[in-house]
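No lab work stands behind these numbers, since they all come straight from the coordinates. Given the structure is predicted, the values throughout are model-derived calculations rather than measurements. Methodologically, a virtual Cβ is constructed for each residue, glycine included, from the backbone with ideal geometry; neighbour enumeration extends over all protein chains shown.
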Amino acid sequence: MASTLALLWRCSLIVLVLAQPTRSSTVQKPKDAIAEQKTHPSSSHTYIVQTNHLAKPSQFATLDRWYSSMVATHSPRATSSSSSRLMHTYETVMHGFAVRLTHDEARRMSRTPGVSGVYESRVRYTQTTRSPEFMGLNETLGAWQDSNFGDGIIIGFIDTGIWPESASFNDTGLGPVRSSWKGTCADASLCNNKLVGAKVFTAELDGALTIRDKVGHGTHVSGTAAGADVRGASLFGFSSGTARGVAPSARIAMYKACNTEGCGEHDLVAAIDAAVSDGVDVISMSVGVEGSTNPQFYDDVVAIAMFGADRSGVFVVLGGGNGGPGASTVVNVAPWMTTVGAATMDRAFPATLNLGNGAVLRGQSLYARKANGTGMLPLVYASCTADDLTPDSIAGKVAVCDINGTAVQSGIYAQSAGGAGIVAVDSTEGFREAVHGQAFTLPGLTLSYRERIQLDAYMSSEPYPVASFVFSCDTVTGPENLAPVVAGFSSRGPNSVVAEIMKPDLVAPGVNILAAWSGDAPPSEAETDARRVEYTVMSGTSVACPHVAGVAALIKKVHGDWTPAMVRSALMTTARKSDNQMEAITDSGLGGGRATPLAAGAGIVDPPPAMDPGLVYDVGTLDYVEFFCSLNYTAKQIRRFVPEATRCRSTLEGGAANLNYPSLVAVFDSRTLARTLTRTVTKVSAQPETYNVIFAAPAGVDVSVTPTTLVFKGQNEKKNYTVEFRSQEVKPAGNLEFGYINWSSDEHDVNSTVGFMWKD
């Protein structure tokens with residue numbers, strides 16, 4: 001993005017792999033859509049029309065004929081047939097079609113018998129050599145060996161496309177894809193036994209229908225999750241080592257639903273529908289509507305489509321967004337989605353700015369020329385636009401710029417005007433210690449909010465401020481870099497739709513991640529940057545998301561019969577809550593300090609114990625129906641998710657908080673000072689085990705768990721437990737506090753985060 005969020009948009013695109021509807025060719029539908037847009041009235045928009053296929057009138061032999069009849073009736077056009085106007089049809093995760101309509105036509109269409117909902121298609125935006133090892137993956141033992149590196153599992157990515165020639169997508173050592181796979185490639189010559197699917201749902205701005213990635217994001221996230229081993233990968237010598245994905249033997253299917261301007265919801269739904277139809281095991285999607293309120297689930301067509309994917313047994317993981325550190329900024333918050341935040345890992349690209357008063361400010365930089373002091377240079381504040389950075393204002397000087405734009409692009413402007421360097425500073429608390437390293441073309445570095453305060457104090461007290469740069473061009477890893485730290489930009493809870501479902505679910509490495517890159521995109525994403533690289537560094541929840549997708553692939557390889565909810569439970573209940581100093585994970589936003597579950601969720605993903613969690617919390621379709629009923633959804637709204645549902649036969653006793661989710665939230669108000677929640681755990685380990693409960697709660701809240709011991713004899717045995725939370729005082733509205741419930745045996749620890757919320 002052009003702002004900080006825009007930069008993070010580009011640097012942290014979160015992608016879901018989506019496939020083409022089976023009824024159409026791989027690329028023909030987007031072409032029809034482009035032609036259709038040219039013939040429609042300027043007042044028309046793209047709408048997604050969801051239907052209940054069970055209500056199709058008998059006079060129509062096929063759903064397509066029914067859809068064409070609806071379009072012809074409610075949106076007649078003299079210039080084109082109604083069937084040719086269908087941009088996409090949806091057949092797997094939901095039923096319906098996409099078409100351009102005027103507002104009045106959409107309103108009339110919504111009243112048609114058999115139509116469940118009509119949604120205007122919004123535009124959503126896209127949100128490594130070290131990270132697998134940082135997460136505890138080891139080549140010789142543990143999760144990688146147990147899962148054969150994820151071999152055979154197929155991860156679908158819904159993103160900006162892919163650069164097939166990257167070494168990260170080499171298929172050396174991989175056998176053929178499984179016979180049940182239905183996916184195809186837009187260009188068969190670009191696919192192999194690693195890249196097993198490639199479909200296109202949107203055109204580039206020039207009209208080209210290509211799987212090639214013009215942005216870089218899709219290539220990066222695919223490599224992060226499932227890239228093959230590539231020795232000697234680096235960006236200008238930084239982060240040099242063996243690049244590999246979290247599941248390096250998993251297969252990749254790319255569903256291109258995003259271009260340089262974003263991702264249309266009608267294309268996203270088509271991609272999700274196709275990915276599930278093709279047979280992916282995992283969908284990874286880092287796309288969200290940043291800066292807006294999450295709609296109710298029944299009005300969120302992407303959430304509806306993802307519910308269909310979950311119901312089909314596909315694990316779906318999405319980025320939580322880059323809108324932090326403010327409260328209730330997290331997106332993709334439905335309980336059937338695994339929502340991921342971003343955290344640092346123990347790697348840094350250190351550079352320093354030595355001020356004229358002797359102070360030393362430490363930042364990060366991917367500037368590739370060593371310098372042990374550049375000589376003192378004048379510092380000047382600048383807005384850092386092309387119009388502002390002129391020779392008169394910047395020649396021979398160092399520009400100090402807010403990182404609300406693409407700092408590398410500002411550096412290029414400064415360099416063209418004779419500038420001597422650039423210092424990109426954070427104008428908010430968003431980054432603090434989670435600083436994004438940038439590949440400047442002239443001497444430059446990025447400073448955190450904390451260092452920015454010191455720089456401002458110096459420049460305001462000195463009439464002629466000066467500084468020099470020191471660049472070691474080193475990559476520093478290890479315990480001297482405190483990690484993980486939740487990134488300030490990572491979006492925070494509470495969940496704005498259902499406060500009783502805590503989001504994000506967990507965090508993963510999402511700052512300064514090296515992975516494969518597109519040959520059509522510059523490493524900095526600055527428009528005038530002519531450099532091209534094979535690997536680059538990105539930050540954002542976009543790149544945190546594929547880390548979890550990769551771990552899910554490892555789990556699915558070992559536990560192929562697990563439901564998506566069981567996989568999510570394994571990830572959450574085993575997540576690590578401590579950093580590399582064995583202290584609680586900290587938060588780089590809003591003043592730092594200990595990260596709460598609203599920032600870190602259950603903790604940072606920890607693959608080895610997630611492979612063997614002991615107990616899991618499972619959720620099925622009927623549980624979700626009761627959840628919807630507890631939210632007072634109407635029967636028509638529920639049928640958007642479950643077409644065969646007729647009415648609410650029962651609700652979750654105690655409300656939405658009693659969905660069998662791995663985390664718990666107790667909401668108190670002046671009338672209700674006691675909450676009772678029930679959970680069901682399923683034993684997935686083989687041996688008999690006895691679990692005892694340990695719990696913690698804030699002062700003023702009493703907790704009672706019944707029973708306190710769970711005795712299991714056989715695998716897949718289920719046990720219930722009940723927790724009563726009783727607040728001994730009425731705390732101020734909006735107060736949020738936290739605790740935990742831990743079931744512990746000799747072999748396993750199953751930890752659930754508990755949130756306590758007080759309302760009016």
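Modelled label positions at Thr293 and Thr260, each set 7 Å beyond Cα in the direction of Cβ, lie 3.5 nm from each other. Rg and Dmax over the alpha-carbon atoms of the range 350-474 stand at 12.8, 34 Å. Each helix, a run of at least 4 DSSP H residues, gives -39500 (n - 2.57); summed and divided by the residues of the chain, these come to -6000 deg cm²/dmol at 222 nm. Each Cα pair under 8 Å and six or more residues apart adds its separation to the average, and for the range 350-474 the resulting relative contact order is 39 percent. Averaging Cα coordinates gives a centre for the range 119-176 and one for the range 513-539; these two points are 18 Å apart.
Put simply, the amide H of Leu615, placed in the peptide plane, has neighbours under 5 Å in Val684, leaving out anything fewer than 5 places away on its chain. Rounded to the nearest 0.05, what FRET efficiency is calculated for Glu583 and Lys713 with R0 set to 45 Å and r the Cβ-Cβ distance? Once rounded, the FRET efficiency stands at 0.70. For Lys557, the lysines whose Cα falls under 18 Å of its own Cα, not counting residues fewer than eight places away in the same chain, are Lys194.
Measuring from a point 7 Å past the Cα of Arg671 along Cα-to-C-beta, which residues in the range 464-501 have an amide N at less than 11 Å? Answer for this model: none.
Residue by residue, the range 332-348 carries 3J(HN,Hα) couplings of 6, 10, 5, x, 8, 9, 8, 9, 10, x, 10, 9, 7, 10, 7, 9, 9 Hz when phi is fed to the Karplus relation 6.51 cos²θ - 1.76 cosθ + 1.60 (θ = phi - 60°); x denotes Gly or Pro. Computed across the chain, the Kirkwood radius stands at 26.5 Å (inverse of mean 1/r, all Cα pairs). How big is the antiparallel share of DSSP beta bridges in the chain, given as a percent to the nearest 5? For the chain, the DSSP antiparallel bridge percentage is about 65. Once Rh for the range 259-299 is found with the Kirkwood sum over Cα pairs, what is the Stokes-Einstein diffusion coefficient at 20 °C and 1.002 mPa s, in µm²/s? My calculation gives 177 µm²/s for D. Using the Cβ-Cβ distance between Val476 and Ser58 with R0 = 51 Å, the FRET efficiency computed as 1/(1 + (r/R0)^6) comes to roughly 0.15. According to the Cα-based calculation, Rg over Rh for the range 663-760 is 1.05, with Rh computed by the Kirkwood formula. Within straight-line reach of Lys713, meaning a Cα separation under 17 Å, sit the following lysines at least 8 residues removed in sequence or on another chain: Lys683. Mean separation of Cα pairs under 8 Å and 6 or more residues apart, divided by the residue count, gives the range 619-660 a relative contact order of 51 percent.
Here the peptides 214-220, 105-111 are ranked by packing, the mean other Cβ count within 10 Å, and the order with the highest first is 214-220, 105-111. Share of Cα-Cα pairs in the range 619-660 beyond 14 Å, in percent? Looking at the range 619-660, the distances longer than 14 Å represent 35 percent of pairs.
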